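What follows is one structure encoded as structure tokens, with my remarks underneath.
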Amino acid sequence: MEYLRYGEDGIRIVFGDRIDPVINEKVRRYYLYLKSLALKEIVDIIPSFMSCLIRFNSETISFEKLVSYLTEKESRISAFDVPELAVHEIPVVYGGEGGPDMEFVVSYTKLSEDEVIDLHTSTVYTVYTIGFMPGFPYLGSLDERLYVPRLETPRAKVPKGSVGLAQLQTGIYTYESPGGWQVIGKTEARLFDHTTEPYCLMKMGDRVRFIRA
Amino acid sequence: MIEIIHPGWLSLIVDEGRYGHADSGVPPSAALDSFAYKMLNVLLKNPSGAPAIEVMGKDFSLQIHADVTCALTGARVEATLNGEPLEPWTSFCAQRGSMLKVKAILEGFRYYVGFSGKMDAEWVMNSFSTNLECRFGGFRGRQFVKGDRIRITGPRMEKPNTIHEKNIPGMKPPHVLRFVEGPEMEYFPHESLRRLFEKKAFSWYNVSSKSNRTGIRLEGEPLAFKERVEKSIVSEGILPGTIQIPGDGLPIIMLHERTIGGYARLGVISRADRDLLAHLKPGDKVTLETVEPKEAEQLWNKKAQLYDAHQKHYRR
């Protein structure tokens, strides 16, 4: 494995170069293993589609020292037991006010609105990672016919519950925020609650199916 | 108890940040000027990590309904207690009923207000920091508005203390921000980056008025992407200080409110220059310069030693 520098207090470990369930599973395994080590020098771990980004405390350990420690531990990863996955069903109201970019998606993909919805609901997605905002699941992979680019200039406000598309990913805004995804619908599902543990409904690796509300 | 009379443009409770939950997408939401925040608690003889108020903008005022020591750090402000002028980066004793006012900002952008004692802030996932977007932590998960009252547990009168003039960091524009090369640096043709490397005065950007606590947007000549390069990446982790380049080619410096980004990462602002990000205000001139990781580490070590020495000195 290659440990790449990310600024002064980051380490980036790359497992592949595309959105791919096999690559993502490698990330998940590594991330969960790393978490199980509970190293106090590691401040945060951000696993994503194909890489794992570590923020470490550069006051207490150097990049070189931490990398050599992690390299030493690598051999045990394959024997590490990864936990079970959950399956979540998410009801969505597509188009209309809650889906302001449905029109763009229809015109860009040259599909009808019904076809867009059918394609979006017919896939069982993998939670490739959680991030961007608390509890936001990055889901993939989208049917290739639904490929759309991100907005060139992000929107200042995207409402909570918005279901968006970007390239071959789909996701759900857990809070109102700025964002650059093409929004096609809205859900009432609660994905994150800061008052109750576990805070996050979904975990990396879980499966998700959208249904028409 | 203290009562917010005027909240300025934006005032909210912060601390050192919320860590350990980035895998659920929970960002640090930390005080943007970490040194000013730390020195505030030093001046107040509070434990490190005590909640403080981060303020942006002049016309901030509050009434103090307790006998308590207060301090102001961060941006250099023109402030008064009951009409009497206050020194920058200095703690002072306030009697019950005192009025603290900030009339003008002379240098910098954000400042920190605190009290000897503990402000009754909401503790969420190991931090007092306000997450404005998600509305949790700090004061009811939101910024202060006129009339808010926040309790101080165990207010104390401490001996006033001051940070020497020479130890207050400079915050004047133009700002030079040094950065370590990021994973997508090669997305940009050398010609487009040339000006960043040349360290010439014509590579200036202006801080956009669309900047906020999530990111600082820069305006100026956009960076060009190489042909055939996708203008966005498969979303990946980012850390505070990451410079993202969206499709329009104008840099956004991410602060402490995001864990993942989908735009090309040009680089990461060096730790030594990160506190300065708190003081970039709309219209300020900014230039970006590359540094090697080793050089950035050295810059930080120098600064950290200075900070440590200050903390030890003033803690006494």
Practice task
Determine if region A:103-110 includes at least one residue that is aromatic (Phe, Trp, Tyr), surrounded by 23 or more Cβ atoms within 10 Å (Cβ to Cβ) and either within 14 Å of chain B (Cβ to nearest Cβ) or within 22 Å of residue B:230 (Cβ to Cβ) (or both).
Solution key: no
Handout entry: residue A:92 open to solvent by 60 Å² or more (accessible area, probe 1.4 Å), at pLDDT 95 or above and under 30 Å from residue A:113 (Cβ atoms)
Key = no
Practice task
Starting from residues that are more than 9 Å from chain B (Cβ to nearest Cβ) and in a loop (DSSP other than H, G, I, E, B), keep the ones in region A:184-196 and report whichever is surrounded by the most Cβ atoms within 10 Å (Cβ to Cβ).
Solution key: A:191
Practice task
Starting from residues that are surrounded by fewer than 17 Cβ atoms within 10 Å (Cβ to Cβ) and under 25 Å from residue B:257 (Cβ atoms), keep the ones in region B:290-316 and report whichever is farthest from the other protein chains (Cβ to nearest Cβ).
Solution key: B:304
Practice task
Answer yes or no: is there a residue in region A:78-89 that is more than 21 Å from the chain's Cα centre (by Cα) and under 30 Å from residue A:158 (Cβ atoms).
Solution key: no
Handout entry: strands (runs of 3 or more DSSP E) contained entirely in region B:36-138, each with at least 3 residues that are under 18 Å from the mean Cα position of the chain (by Cα)
Key = B:52-56, B:68-81, B:98-115
Practice task
For region A:58-68, state whether one or more residues are open to solvent by less than 80 Å² (accessible area, probe 1.4 Å), closer than 23 Å to residue B:301 by Cα and touching a Ser or Thr at 6+ places or on another chain (Cβ under 7 Å).
Solution key: no
Exercise for the section: Could you tell me whether residue A:124 is among the aliphatic types (A, V, I, L, M) and open to solvent by less than 30 Å² (accessible area, probe 1.4 Å)? Expected result: no
Problem - First in region A:176-198 and within 18 Å of residue B:135 (Cα to Cα), second anywhere and charged (D, E, K, R) and outside any loop (DSSP other than H, G, I, E, B), Cβ under 8 Å, 6 or more apart - result: A:176/A:157; A:177/A:157; A:178/A:155; A:178/A:157; A:179/A:155
Handout entry: Test set (1) among the small types (Gly, Ala, Ser); (2) open to solvent by 20 Å² or more (accessible area, probe 1.4 Å); (3) more than 26 Å from residue A:157 (Cβ to Cβ) - residue A:213 fails condition number
Key = (3)
Exercise for the section: Evaluate the following for residue A:95: is it touching a Phe, Trp or Tyr at 6+ places or on another chain (Cβ under 7 Å), on the phi > 0 side of the Ramachandran plot and in contact (Cβ under 8 Å) with a residue 24 or more places away in the chain? Expected result: no
Practice task
Report, ordered by the first and then the second residue, all pairs with beta carbons closer than 7 Å, sequence separation of six or more or different chains, a first member in region A:130-151 that is under 21 Å from residue B:215 (Cα atoms) and at the interface with chain B (Cβ under 8 Å from one of its Cβ atoms), and a second member that is part of a loop (DSSP other than H, G, I, E, B) and among the charged types (D, E, K, R).
Solution key: A:132/B:258; A:133/B:133
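For (1) open to solvent by 30 Å² or more (accessible area, probe 1.4 Å); (2) assigned to a loop (DSSP other than H, G, I, E, B), each residue gets a yes or a no:
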residue	(1), (2)
A:129	no, no
A:133	no, yes
A:142	no, yes
A:145	yes, no
A:151	yes, yes
A:163	no, no
Exercise for the section: Among what's in region B:231-249 and is touching a residue at least 40 places away in the same chain (Cβ under 8 Å) and hydrophobic (A, V, I, L, M, F, W, C), pick the residue that is surrounded by the most Cβ atoms within 10 Å (Cβ to Cβ). Expected result: B:243
Fill in the blank from the handout: Exactly one of A:18, A:55 is within 24 Å of residue A:128 (Cβ to Cβ), open to solvent by 40 Å² or more (accessible area, probe 1.4 Å) and within 14 Å of chain B (Cβ to nearest Cβ), and that one is A:18
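The values are calculated or read from the model by the stated rules, or taken from the named source; none is laboratory data. Since this is a predicted model, take the numbers as computed values, not measurements. Because the Cβ atoms are built from the backbone with ideal geometry, glycine has one as well, and the counts that use them run over all protein chains shown. Accessible surface areas use protein heavy atoms only, side chains included; no ligands, DNA or RNA. Shrake-Rupley method; radii C 1.70, N 1.55, O 1.52, S 1.80 Å.
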